[in-house]
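Undergrad: Quick one: the structure is below, questions incoming.
The values are calculated or read from the model by the stated rules, or taken from the named source; none is laboratory data. These numbers come from a predicted model, not from an experiment. Here the Cβ positions follow ideal geometry from the backbone for every residue, glycine too, while neighbour counts run over all protein chains shown.
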């Protein structure tokens with residue numbers, strides 16, 4: 001068996017997604033971590049690692065991982081929106097407001113960002 005598929009995505013990436021959807025969050029985290037060992041700078045894999053940490057309740061580690069993706073891939077918005085949602089949902093209004101203002105200044109017409117604004121009223 002090969003560790004990567006034809007598009008060079010780690011096979012454990014797909015296993016992690018399957019386990020996540022089945023509600024096997026600990027196994028999904030393990031798969032995501034295995035995928036990140038094979039592809040340590042794959043932003044999609046890193047986003048799944050952060051999401052898996054969130055699913056198992058490790059919110060501090062989730063935040064660290066989303067911030068790392070933001071640093072490495074500043075134009076990859078999904079993890080930044082996930083981080084913003086995490087701040088809103090955890091009641092961290094100051095961090096949510098700072099990140100929201102940063103993002104809205106760069107991407108004022110982004111529909112996903114505007115949806116977050118409407119949903120959480122920063």
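Undergrad: Take the residues of the range 18-33 that are out of contact with any helix residue (DSSP H, G or I) (no Cβ under 7 Å at 6 or more places or on another chain) and part of a helix (DSSP H, G or I): which is surrounded by the most Cβ atoms within 10 Å (Cβ to Cβ)? Full working, then the answer.
TA: Going through the range 18-33, the residues out of contact with any helix residue (DSSP H, G or I) (no Cβ under 7 Å at 6 or more places or on another chain) turn out to be 18, 21-24, 26, 30.
Within this subset, residues satisfying the condition of being part of a helix (DSSP H, G or I) are 18, 21, 26, 30.
Numbers: 18: 13, 21: 9, 26: 11, 30: 16.
The residue in question is 30.
Undergrad: Is one or more of the residues making up the range 112-120 surrounded by 14 or more Cβ atoms within 10 Å (Cβ to Cβ), assigned to a loop (DSSP other than H, G, I, E, B), on the phi < 0 side of the Ramachandran plot and at pLDDT below 95?
TA: The answer is no; no qualifying residue exists.
Undergrad: Also, quick follow-up: Pick out the one residue from 50, 39 that is modelled with pLDDT of 95 or more and in the same structural domain as residue 13 (by TED's automatic domain parsing).
TA: On the way: 39 fails: modelled with pLDDT of 95 or more.
Exactly one residue qualifies, and that residue is 50.
Undergrad: Next question. Regarding the range 34-48, can at least one residue be identified that is in contact with a strand residue (DSSP E or B) (Cβ under 6 Å, 6 or more places away or on another chain) and either assigned to a helix (DSSP H, G or I) or over 23 Å from residue 8 (Cα atoms) (or both)? Even if it seems obvious, please write down each step before you answer.
TA: In the first step, residues of the range 34-48 are kept if they are in contact with a strand residue (DSSP E or B) (Cβ under 6 Å, 6 or more places away or on another chain); the result is 35, 38-39.
Now restrict to residues that are either assigned to a helix (DSSP H, G or I) or over 23 Å from residue 8 (Cα atoms) (or both): 35, 38.
The answer is yes; a qualifying residue exists.
Undergrad: Quick one: which of 67, 8, 95, 78 is surrounded by fewer than 18 Cβ atoms within 10 Å (Cβ to Cβ), part of a helix (DSSP H, G or I) and not assigned by TED's automatic domain parsing to the domain that holds residue 120? Explain how you work it out, then say what you get.
TA: Details: 8 fails: part of a helix (DSSP H, G or I); 95 fails: not assigned by TED's automatic domain parsing to the domain that holds residue 120; 78 fails: not assigned by TED's automatic domain parsing to the domain that holds residue 120.
Unique residue meeting the criteria: 67.
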